[in-house]
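The values are calculated or read from the model by the stated rules, or taken from the named source; none is laboratory data. Computed from a prediction, not measured in an experiment: that's the story for all the values here. Virtual Cβ from ideal backbone geometry, glycine too; neighbours counted across all protein chains shown.
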Amino acid sequence: MDKIKQKKSPKVGVVFGGSYGIGEATAKLLMEGGTKVTIVGRNAERLAAAAMRINGNVQIAVADALDRNAVLKVFEATGPVDTVVICVAGVMAIGLFKELDLNLLRTSLEEKTIAQLQVAQVAAQYMKPNGSITFVTAGSAGAAISTAAGPGAVSGALECLIPTLALELAPVRVNAVSPGVIDTALWDFIPDETRKSFLSNHAANLAVGRIGQAIDVAEVIELVTRCGFITGSIYQVNGGSHLTT
């Protein structure tokens, strides 16, 4: 007697900060792997443009990660989810510690650390068993880099919570991916020539001999979301910068 095969429902994924860079590249990979993806950001036009570039069946949702009600509405619309990726970033408080603007650091903590934690806290109510939550932090959390005390504190606060969240939210898996210097729009605040010089000099000091691209990080995020035996871990994607700093 022929067995009737039941068609599996596609996985459901939500990418916060999905309108450019690492978030967009991750959304594209997840979509290509069969996940029904919603990308979330604050700017509707940027989200629409990202959806066009992804060129697939991607939903968009406009929401500020600091607005709890807006985040709730995103998950109310998606229903139970398998994968949540949190690429939310904010202003960077860069500078030597003695001169660091602590008010700017406070804003940075709010826009990245608190924002990411709020998304995770809301998402935890909607996760399917054995789903995954992946934070995107930054390599400055674990490196001694002059002028990067601010970004290090912001991402370090997230990374130190990963093991605890993995225990508390189990069987949902919780991990972080920690990118090094990646060539994305995040660096657009630097004048073009200065930016090019900075990226070129950084690439010359990396073991892999090139600067990172969004897809490099997205591939690791996609792996982490897919592998059911990974939780409570932080993955560095930095071209080997940790070997020399």
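Quick notes on this structure:
- Pick from the range 17-26, criterion out of contact with any Cys (no Cβ under 6 Å at 6 or more places or on another chain) and in contact (Cβ under 8 Å) with a residue 40 or more places away in the chain, ranking: surrounded by the fewest Cβ atoms within 10 Å (Cβ to Cβ): TYR20
- Some residue of the range 109-128 being in contact (Cβ under 8 Å) with a residue 60 or more places away in the chain, more than 26 Å from PHE229 (Cα to Cα), in contact with a Ser or Thr (Cβ under 9 Å, 6 or more places away or on another chain) and surrounded by 17 or more Cβ atoms within 10 Å (Cβ to Cβ): no
- GLU110 vs. criteria within 19 Å of the chain's Cα centre (by Cα), at pLDDT 95 or above, part of a helix (DSSP H, G or I) and more than 25 Å from LEU223 (Cβ to Cβ): yes
- Verdict on ALA93 being in contact with a Gly (Cβ under 6 Å, 6 or more places away or on another chain), closer than 15 Å to SER140 by Cβ and buried (at least 18 other Cβ atoms within 10 Å of the Cβ): yes
- Residues that are buried (at least 21 other Cβ atoms within 10 Å of the Cβ) and either touching a strand residue (DSSP E or B) at 6+ places or on another chain (Cβ under 6 Å) or part of a loop (DSSP other than H, G, I, E, B) (or both) within the range 32-43 comprise THR35, VAL37, THR38, ILE39, VAL40, listed in sequence order.
- Residue ID - nearest to THR83 (Cα to Cα), chosen from residues in the range 138-195 that are modelled with pLDDT of 90 or more, buried (at least 18 other Cβ atoms within 10 Å of the Cβ) and of a type in the set (Ser, Thr, Tyr): SER178
- Test result for ARG68, under 17 Å from GLY18 (Cβ atoms) and in contact (Cβ under 8 Å) with a residue 12 or more places away in the chain: no
- Matching residues in the range 215-245 - criterion: being of a type in the set (A, V, I, L, M), crowded, with 17+ Cβ neighbours inside 10 Å and modelled with pLDDT under 95: VAL237
- Of the set (1) crowded, with 18+ Cβ neighbours inside 10 Å; (2) touching a helix residue (DSSP H, G or I) at 6+ places or on another chain (Cβ under 7 Å); (3) in contact (Cβ under 8 Å) with a residue 60 or more places away in the chain; (4) not basic (Lys, Arg), all apply to ILE211 but (3).
- Being modelled with pLDDT under 90, farther than 20 Å from GLY13 by Cα, touching a strand residue (DSSP E or B) at 6+ places or on another chain (Cβ under 9 Å) and not acidic (Asp, Glu) is a property that holds for GLY212.
- Close contacts from the range 76-97, counting a first residue that is free of Cβ contacts under 8 Å to residues at least 24 places away in the same chain and a second that is of a type outside the set (D, E, K, R), with Cβ to Cβ under 8 Å and a gap of 6+ residues or different chains, come to VAL91/LEU104; VAL91/THR107; VAL91/SER108.
- Residues of the range 61-90 classified as of a type outside the set (A, V, I, L, M), assigned to a loop (DSSP other than H, G, I, E, B), surrounded by 16 or more Cβ atoms within 10 Å (Cβ to Cβ) and in contact with a strand residue (DSSP E or B) (Cβ under 8 Å, 6 or more places away or on another chain), total: 1
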